[in-house]
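Take a look at the structure below.
The values are calculated or read from the model by the stated rules, or taken from the named source; none is laboratory data. Predicted, not measured: the structure shown is a model, and the values here were computed from it. Because the Cβ atoms are built from the backbone with ideal geometry, glycine has one as well, and the counts that use them run over all protein chains shown. Note: accessible area is taken over every heavy atom of the protein model, side chains too, but ligands, DNA and RNA are not part of it. Shrake-Rupley method; radii C 1.70, N 1.55, O 1.52, S 1.80 Å.
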Amino acid sequence: MNLDISDLSQTFPDFRVAALVVTGASIGPRSPALSQEIAAREAAFRDRWGGVALADIPGIAVWRAAYRAFGIKKTSYRCSVERLAKNAQAERPLPQINSFVDGYNAISLTHVMPLGADDLDHVVGDIAFRFSRPDDDFRDMGVLDAAGAPAFDPPKAGEVVYADSEKVLCRRWNWRQDARSLVTPDTSRAVITVQYNGAGDLDAAVEDLAGLIETHCRAQCAVTIADAQSPVMALAGL
């Protein structure tokens, strides 16, 4: 399986992405130790960024600029880490989903970088950050259709998406995930992406993430990084 960002490299030369392949994961509710760790990270975020406008936080500013560059002007469409940061500033805790998702959300908040994860048993072929295509298929995890199923909501022309060979895994780069590859307690293999666009320390974020997942999900992690110089990389750990 390859990680491919070649479609974006000229337009977004600062874009780098680390893909963490996670195997042997044991996923359940947050442990007390993980809850304590997450609370400490939320407090640390507020200590550093609590009085700062979201637009002035470098890790958010670069993504607002990137979204504008592919035509996203509505304020309702923000990168995933901006939503986490807004809630943390308002002292609203991170959502409790499971130990895996809660853990990588805490890393996202700590390093102010978007992260996302997909169950590898529901990912088909290579994974790529690319511009949308006319036949793209996306089922919105946050909206249900009349039959109660995740709504079909394909990306707009020119939109940046994250996709496998079968479907869009995430719309608007890192805004909302497809419903078919969510990480659940049944997941044992997953791929987490850590996304850098000119602000922050990608290597530090990856090291932090691997340590947390290995500790709290008893998993093994292998890292692959793609950038403008090496835009197509075979995923380690598979």
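The table for this structure:
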quantity: Extended-chain gain in nm, criterion 0.36 nm per residue less alpha-carbon gap, residue 96 and residue 207; calculated: 37.7 nm
quantity: Dipole in debye (nearest 20) - the range 152-238, about Cα centre, beta carbon charges: Lys, Arg +1; Asp, Glu -1; calculated: 360 debye
quantity: Centroid-to-centroid separation of the range 212-238 and the range 32-77 [C-alpha atoms, Å]; calculated: 23 Å
quantity: Cleavage-rule hits (trypsin sites (Lys or Arg not before Pro)) in the range 134-238: DSSP loop, at most 15 neighbouring Cβ within 10 angstrom; calculated: 156, 218
quantity: Translational D in µm²/s for the range 27-66 (Stokes-Einstein at 37 °C, 0.692 mPa s, Kirkwood Rh from C-alpha pairs); calculated: 274 µm²/s
quantity: Whole-number D in µm²/s for the range 69-153 (Stokes-Einstein; Kirkwood sum over Cα pairs; 20 °C, 1.002 mPa s); calculated: 138 µm²/s
quantity: Ranked packing of 121-129, 65-73, most packed first, by mean Cβ within 10 Å; calculated: 121-129, 65-73
quantity: Within straight-line cross-link reach of residue 167, lysines at Cα separation under 26 Å, skipping those fewer than 8 residues along the same chain; calculated: 73, 74, 156
quantity: Among 69, 104, 23 the positive-end extreme of the charge dipole of the chain (Cβ point charges); calculated: 69
quantity: Net length gained if the chain between residue 2 and residue 215 were fully extended (0.36 nm per residue, minus Cα distance); calculated: 74.0 nm
quantity: Estimated translational D of the range 53-102 in µm²/s (Stokes, Kirkwood radius over Cα pairs; 10 °C; 1.306 mPa s); calculated: 132 µm²/s
quantity: Residue-averaged [θ]222 nm for the chain, counting only DSSP H segments that reach four residues, each worth -39500 (n - 2.57); calculated: -9500 deg cm²/dmol
quantity: With eigenvalues of the C-alpha gyration tensor scaled by 5 and rooted, the chain, Å; calculated: 24, 21, 19
quantity: Debye equation applied to the C-alpha atoms of the range 181-238, log10 I(q)/I(0) at 0.13, 0.17, 0.20 Å⁻¹; calculated: -0.40, -0.67, -0.90
quantity: Solvent-accessible area per residue, Å², over the chain with all protein chains present [probe radius 1.4 Å]; calculated: 44 Å²
quantity: Extended-chain gain in nm, criterion 0.36 nm per residue less alpha-carbon gap, residue 54 and residue 184; calculated: 43.7 nm
quantity: Computed log₁₀ I(q)/I(0) - Debye formula, equal Cα scatterers, no solvent, the range 142-222, q 0.24, 0.25, 0.26 Å⁻¹; calculated: -1.23, -1.26, -1.29
quantity: Per residue, the convex hull volume that the Cα atoms of the range 1-52 enclose (Å³); calculated: 141 Å³
quantity: Per-pair calculated FRET efficiency, R0 = 22 Å: residue 83 and residue 47 via Cβ, rounded to 0.05; calculated: 0.65
quantity: Protein accessible area in the range 72-192, 1.4 Å probe - carbon and sulfur %; calculated: 52 percent
quantity: Nearest-20 debye value, the range 85-233 charge dipole, Cβ charges on Lys, Arg, Asp, Glu; calculated: 340 debye
